[in-house]
Amino acid sequence: MREKLTKGPVVLYEQMRVKILELIREQGLKPHDPVPSETELARMYGVSSRTSKEALLQLAREGVVYRMPRRGTFLAKLPQEDGTERERSPLRIADRPTVGVLLPDPDEYVGRVLQALTEGLAERGFEMLIRFTSGEPEKEDKMAEELVQRYGVAGLIVYPGRHDTLNEVLLRLHTQGFPVVVVDRAFREISIPSVYHDHFHGSLEMTAYLIGRGHRRIGYVSEPFRGLMSREDRFNGYTQAFLDASLSLDLSLVHQLGDMHTQSGEEGKRLAAYLGANRDMTAVVCSNDYVALSVMQVAHRLGMSVPNDLSIVGFTDFAFSELLPVPLTTVEKTALELGFAAAQMLAELIADPSSRRPPLVIPTRLRERDSVRAIGDSNI
C-alpha cells in the first residue's frame, strides 16, 4: 500500500482522483498506456473498489482516461495537456507577465499581506490582477476560472476565505500542473504549494508563557474549528503546553463561539455564562485578537479587571491590539514574510511548473504587553 487515504473535508473519490493523476505523471505514462485497475488502485491507497471506480469515471468524464469493456482503463492524454490556458499567450501588462491574486474581504491583516505580495511580485517582474472573493468558495472558483481562462494569467496566489477545503477549480488547476500557491491555509488531505504560519508552535509558546507566569487554570476561547487546520493547530498547541508541563487539562474551560461572535445578544450571553461559571480561571488563550477583544469586553461588563482578575492573550497582532486600554499580549503573524514567501514560491513554480514545492511554515513571534500578570510561584 502506498498511503491510506482517510475521510476528511475532501471526499475520498476526489482524493483518489488526485492520486491517480500524480501516479500517471510519476510512472511517465503516455497516451493509450494502461492505467492501474480499480482493484489495484483500491489496494494501493486503502480504499474501496467503488471509490477508485468513481475516481476513474470522473477522469473519464474529463477526457483524461478512457475505459474499454473487459480490457481496462487507458490514458487518453497527459493531464497537463487538458487546459486551454496552456495554448494561449499569457497576459502581459506593461510588458510584464501577470499573475492573479484572490483575497477574502479586505481587513487590516489582508491589506498587509496584499502590500507584501505587491512588493514581492514586482521585485520578481510580475504585475497583478486582484479579485476579492468575500471568502465565498463559489466566487473563488468563478474568479479563478476567469483569471486563468479569460485573462491567461501565468499563475495564481489564493488567500482562501471562510472554509476548510480546497475548491474544485483550484484543485483541478493544481493537478494539471498550473502554478497555484495558497496563502495562510494548509490542507492535510492534499499536498499543494502553500505558505502559512506555525499556528501550533505559536499557541504552544503562548500557553507555555502563561504557565511560566504561574497560571494553571487557563481557558481557551475559539471560533468554531470546523476542520480548519489553523484553528485546530492553535488548539493543539494549547493542549500540548499542558502535556509538556505535566499539568492536567480541564476541557470544561474550552469554549467555542458561534459563527457571528459578538459581545452582545445570545453569543454575548453564552460568553458571559462561560466566564461567570469559571471564576477560578486566571487566564484565557484566545484563537485570535478579535476573540480576545470580545472576551475583554464581556469580562469588563462582569466587573472583572484585566489582567488583575483575568489575564487574556490573543493571536495575529492586529494594530488595535497595542492601542487597547490594556494593550494585548498576543502572537504575531508576520504578513510581510508571508507575502514575500508566497511571491517567491509562485515565481519558482512559473519558472518550472513541474517542480514540487512543499508547504512553507513561517515562525510566529510572541508580543508581550500588559494583559498578563504573574501569579504565585512561577516554578513548575
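Structure above, values below:
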{"read-out": "Residues located in segment 140-153, provided they are surrounded by fewer than 22 Cβ atoms within 10 Å (Cβ to Cβ) and not in a helix (DSSP H, G or I)", "value": "Tyr151, Gly152"}
{"read-out": "Residue match in segment 251-273 (condition: part of a helix (DSSP H, G or I), under 30 Å from Leu349 (Cβ atoms) and in contact with a strand residue (DSSP E or B) (Cβ under 7 Å, 6 or more places away or on another chain))", "value": "no"}
{"read-out": "Every residue from segment 217-244 that is over 23 Å from Glu337 (Cβ atoms) and out of contact with any strand residue (DSSP E or B) (no Cβ under 9 Å at 6 or more places or on another chain)", "value": "Arg226, Gly227, Gln240, Leu243, Asp244"}
{"read-out": "Matching entry among Ser294, Ser311, Ser305 (being modelled with pLDDT under 95 and small (Gly, Ala, Ser))", "value": "Ser294"}
{"read-out": "Segment 118-127, residues that are of a type outside the set (Ser, Thr, Tyr) and in a helix (DSSP H, G or I)", "value": "Glu119, Gly120, Leu121, Ala122, Glu123"}
{"read-out": "Scan of segment 209-234 for residues that are among the hydrophobic types (A, V, I, L, M, F, W, C), surrounded by fewer than 20 Cβ atoms within 10 Å (Cβ to Cβ) and modelled with pLDDT of 95 or more, ordered by number", "value": "Ile211"}
{"read-out": "Residue match in segment 159-179 (condition: surrounded by fewer than 18 Cβ atoms within 10 Å (Cβ to Cβ) and among the polar types (S, T, N, Q))", "value": "no"}
{"read-out": "Ala319, sole failed condition from (1) under 24 Å from Leu102 (Cα atoms); (2) touching a strand residue (DSSP E or B) at 6+ places or on another chain (Cβ under 8 Å); (3) not assigned by TED's automatic domain parsing to the domain that holds Leu117", "value": "(2)"}
{"read-out": "Segments classed as strands (runs of 3 or more DSSP E), wholly inside segment 1-117, with at least 1 members that are assigned by TED's automatic domain parsing to the domain that holds Ala144 and modelled with pLDDT under 80", "value": "96-103"}
{"read-out": "Counted residues, segment 100-139 - those being of a type in the set (Gly, Ala, Ser), closer than 24 Å to Thr165 by Cα and surrounded by 15 or more Cβ atoms within 10 Å (Cβ to Cβ)", "value": "2"}
{"read-out": "Residue list for segment 295-315, filter: surrounded by fewer than 22 Cβ atoms within 10 Å (Cβ to Cβ) and part of a helix (DSSP H, G or I)", "value": "Gln297, Ala299, His300, Arg301"}
{"read-out": "Residue check for Arg270: surrounded by 14 or more Cβ atoms within 10 Å (Cβ to Cβ), out of contact with any Phe, Trp or Tyr (no Cβ under 7 Å at 6 or more places or on another chain) and modelled with pLDDT under 95", "value": "yes"}
{"read-out": "Output for segment 316-363, where each listed residue is under 19 Å from Asp289 (Cα atoms), in a loop (DSSP other than H, G, I, E, B) and in contact with a Phe, Trp or Tyr (Cβ under 8 Å, 6 or more places away or on another chain)", "value": "Phe318, Lys333"}
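The values are calculated or read from the model by the stated rules, or taken from the named source; none is laboratory data. Note that this is a predicted model, so its numbers are computed, not measured. We place every Cβ from the backbone using ideal geometry, glycine too, and count neighbours over all the protein chains shown.
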